[in-house]
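Trainee: Before I ask anything, let me first share the structure, which is written out below as structure tokens.
The values are calculated or read from the model by the stated rules, or taken from the named source; none is laboratory data. All of these numbers come straight from a predicted model, not from anything done at the bench. Using ideal geometry, Cβ is built from the backbone for each residue, glycine included, and neighbour counts are taken over all protein chains shown. Remember, those area values only see protein heavy atoms, side chains included, never the ligands or the DNA or RNA. Shrake-Rupley method; radii C 1.70, N 1.55, O 1.52, S 1.80 Å.
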Amino acid sequence: MTQIINDQWRLRARPVGLVKESDFELVQEPLPATGDGQVLVRNHYLAFEPAMRGWLNDVKSYIPPVGLGEVMRASAVGEVVESRHPDYSAGQMVSGMLGWQKYALTEGMPGPMGGLTRVPEGVEPQLMLSALGGTGLTAYFGMIGIGEVREGDTVLVTGAAGATGSVAAQIARLKGAAKVVGIAGGPEKCQWLLEKAGLDAAIDYKSEKVSARLREEFPKGISLFYDNVGGEILDQALLEMAQFGRVVLCGGISSYNEEELPPGPANYMQIVIRRLTVRGFILIDHFAQAGEAIGALSGWIQEGKLIHAEDIQEGFENAPKTFLRLFQGQNLGKQLLKITDS
Ligand code: NAP
């Protein structure tokens with residue numbers, strides 16, 4: 001095989017505040033030969049998640065931070081171009097933590113972030129990054145396993161037009177919730193939630209008064225609150241919880257780029273007064289049940305009961321810019337970057 005020059009985005013500096021394009025640098029380096037037990041993958045799509053911002057901070061977390069000079073960690077889907085690993089062969093489509101690079105040389109990547117997964121026959125490869133990937137699985141485990149959504153629930157989902165929130169909100173509807181309300185930024189996203197995702201109501205937090213709208217939509221209180229954003233919206237929702245309500249803490253994107261963390265929720269005592277159950281979770285603890293989740297999600301997609309949106313940008317050179325879209329609220333559904341023509 002002729003030597004391939006690989007393009008990679010590496011971490012140049014630890015971001016301070018909002019992540020910047022200059023925190024990364026584009027480098028080119030020759031790919032070493034594929035060694036015994038290794039698989040060479042040509043990435044087709046890169047996936048972007050707000051959690052990647054947290055991986056850039058040099059702090060203790062559920063996985064080690066990305067090191068300075070290392071290829072930016074990210075999930076991706078691509079084609080095996082050469083395999084010296086018994087479980088993979090050339091031509092197969094695979095997904096995994098393959099990073100911001102055109103080619104990934106991997107051992108199959110055992111570890112906390114999961115391994116190299118073969119894309120099942122008949123499945124669109126990028127679905128393994130969106131509804132059947134990390135964000136779809138997070139929505140599934142968060143809404144069903146952690147939130148224990150049940151018939152009759154009155155459900156609020158924040159970040160509702162995003163990759164995780166849009167799937168979580170629809171799962172609540174599919175599981176018989178009496179009412180599902182989403183909060184998102186802007187009229188286009190709210191319209192999508194009502195007309196495409198089938199939610200009962202949508203609140204545009206950028207132009208509406210969230211506390212008043214929550215009171216209007218939940219006269220008897222929120223029985224299940226799935227939160228992706230934290231901050232002020234979490235605080236306001238705590239005031240509208242029903243007694244014995246459940247709160248699923250999935251993420252808190254509103255503070256991911258803050259240099260100084262804001263104080264905790266002022267309405268914290270509502271957890272006591274309303275006897276709430278508040279549970280946080282991280283997807284990596286649920287990988288063992290991924291098969292069950294993928295089966296259920298793909299069944300709903302095939303039956304047309306679960307719709308998913310993907311925001312596909314193009315061009316490898318645009319990786320940092322595409323990452324920023326998450327924090328500017330530019331994506332509707334899963335943020336992806338297509339980096340090949342095929
Ligand atoms: P996403 O929702 O597709 O994209 C992020 C969205 O967040 C943006 O489109 C924007 O939508 C919203 N946003 C950005 N800044 C905001 C702010 N300051 N305040 C309120 N909303 C803001 O991303 P995702 O990958 O699905 O992740 C959603 C959440 O789930 C994140 O908090 C993430 O960390 C969490 N998550 C957790 C796990 C886990 O294992 N616990 C796994 C995956 C994801 P608007 O236009 O509506 O503002």
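Trainee: Give the distance, in whole Å, between the Cα centre of region 260-295 and the Cα centre of region 146-173.
Mentor: 13 Å
Trainee: Assuming 0.36 nm per residue, please report the length gained on full extension of the stretch GLU70 to ALA296 beyond their Cα-Cα distance.
Mentor: Numbers: separation 226, 0.36 × 226 = 81.36 nm, distance 3.60 nm.
Between GLU70 and ALA296, full extension yields an extra 77.8 nm.
Trainee: Restricting everything to alpha-carbon atoms, can you work out Rg to Rh for region 282-333 with a Kirkwood hydrodynamic radius? Intermediate results must be reported in sequence, preceding the final value.
Mentor: Values: Rg = 15.1 Å, Rh = 13.7 Å.
Over the Cα atoms of region 282-333, Rg/Rh equals 1.10.
Trainee: What is the spin-label model distance, in nm, from SER255 to VAL59 if the labels are put 7 Å beyond Cα along the C-beta direction?
Mentor: Distance between label points: 0.8 nm.
Trainee: Ok, one more. For TYR45, TYR62, write out the residues from largest to smallest accessible area, computed with a 1.4 angstrom probe and no ligands counted. Numbers along the way, then the final one.
Mentor: Numbers: TYR45 30, TYR62 90 Å².
Heavy-atom accessible area, descending, gives TYR62, TYR45.
Trainee: Moving on to the next point. Within region 31-95, report the trypsin sites (Lys or Arg not before Pro) that DSSP leaves as loop and that have at most 12 other Cβ atoms within 10 Å. Please list the in-between numbers first.
Mentor: Values: sites: ARG42, ARG53, LYS60, ARG73, ARG84; in loops: LYS60, ARG73, ARG84.
When the trypsin sites (Lys or Arg not before Pro) of region 31-95 are filtered for loop state and at most 12 Cβ neighbours within 10 Å, LYS60 remain.
Trainee: Ok, one more. Can you put ARG215, ARG14 in order of accessible area, largest first, using a 1.4 Å probe?
Mentor: Ranked list, largest accessible area first: ARG215, ARG14.
Trainee: Give the carbon-plus-sulfur fraction of the accessible surface of the chain in %, rounded to a whole number; probe 1.4 Å, heavy atoms of protein chains only. Write down the numbers at each step before the final one.
Mentor: Working: 7720 of 15350 Å².
Carbon with sulfur: 50 percent of the solvent-accessible area.
Trainee: Cα gyration tensor of region 144-280, axes a ≥ b ≥ c as square roots of the eigenvalues: rounded (a/c below 1.5), prolate (a/b > b/c) or oblate?
Mentor: rounded
Trainee: With the radius of gyration and the Kirkwood radius both derived from the Cα set of region 12-122, what is their ratio Rg to Rh? Kindly include the intermediate steps, with their values, before the conclusion.
Mentor: Details: Rg = 14.8 Å, Rh = 15.0 Å.
Using only Cα positions, Rg/Rh for region 12-122 is 0.99.
Trainee: Could you sort 66-72, 102-108 so that the peptide with the highest average Cβ count within 10 Å comes first and the rest follow in order? Mind dumping the intermediate values first?
Mentor: On the way: 66-72: 15.0, 102-108: 19.4.
Ranked from most to least packed, the peptides come out as 102-108, 66-72.
Trainee: Average the reciprocal distances over every distinct pair of alpha-carbons in the chain, invert the result, and give the Kirkwood radius in Å. Please list the in-between numbers first.
Mentor: Details: mean 1/r = 0.0482 Å⁻¹.
The answer is 20.8 Å.
Trainee: Amide H of ASN6 versus every other amide H placed in the peptide plane: which residues, excluding those fewer than 5 positions away on the same chain, fall under 5 Å?
Mentor: GLU29, LEU31
Trainee: Moving on to the next point. So what's the back-of-envelope 222 nm ellipticity for the chain, counting only DSSP H runs of four-plus at -39500 (n - 2.57) apiece and dividing by all residues, rounded to 500?
Mentor: Details: 9 runs with 74 residues, N = 342.
Mean residue ellipticity at 222 nm (helix-derived): -6000 deg cm²/dmol.
Trainee: Can you tell me how much longer the chain between GLU121 and LEU239 gets when fully stretched, taken as 0.36 nm per residue apart minus their C-alpha distance, in nm with one decimal? Walk me through the numbers before you get to the answer.
Mentor: Numbers: separation 118, 0.36 × 118 = 42.48 nm, distance 4.71 nm.
Stretched fully, the GLU121-LEU239 segment lengthens by 37.8 nm.
Trainee: Tell me which lysines have Cα within less than 30 Å of LYS305's Cα, excluding those fewer than 8 residues away on the same chain?
Mentor: LYS175, LYS179, LYS189, LYS196, LYS206, LYS220, LYS334, LYS338
Trainee: Return the Cα extents of region 199-260 along principal axes one, two and three, sorted largest first, each rounded to a whole Å.
Mentor: 37, 28, 21
Trainee: Given an 8 Å cut-off on Cα distances and at least 6 residues of separation, report the relative contact order of region 77-143 as a percent. Spell out each step's value before the answer.
Mentor: Numbers: 71 pairs, mean separation 18.0, N = 67.
Computed over region 77-143, the figure is 27 percent.
Trainee: What does the charge dipole of the chain about its Cα centre add up to, to the nearest 20 debye, if the Cβ of each Lys and Arg holds +1 and the Cβ of each Asp and Glu holds -1?
Mentor: Working: 31 positive and 40 negative charges, 159 e Å.
About 760 debye.
Trainee: If R0 is 35 Å, what FRET efficiency do you get for GLN191 and GLU25 from their C-beta distance, rounded to 0.05? All intermediate terms of the calculation are to be shown ahead of the outcome.
Mentor: Numbers: r = 39 Å, r/R0 = 1.12.
It comes out at approximately 0.35.
Trainee: Ordered by residue, what ³J(HN,Hα) values in Hz, to whole numbers, does region 193-199 give under the Karplus form 6.51 cos²θ - 1.76 cosθ + 1.60, where θ = phi - 60° and Gly and Pro are x?
Mentor: Here the 3J(HN,Hα) series is 4, 7, 8, 9, 7, x, 6 Hz.
Trainee: Between region 47-119 and region 127-141, how far is it from one alpha carbon centroid to the other, in angstrom?
Mentor: Result: 16 Å between the Cα centres.
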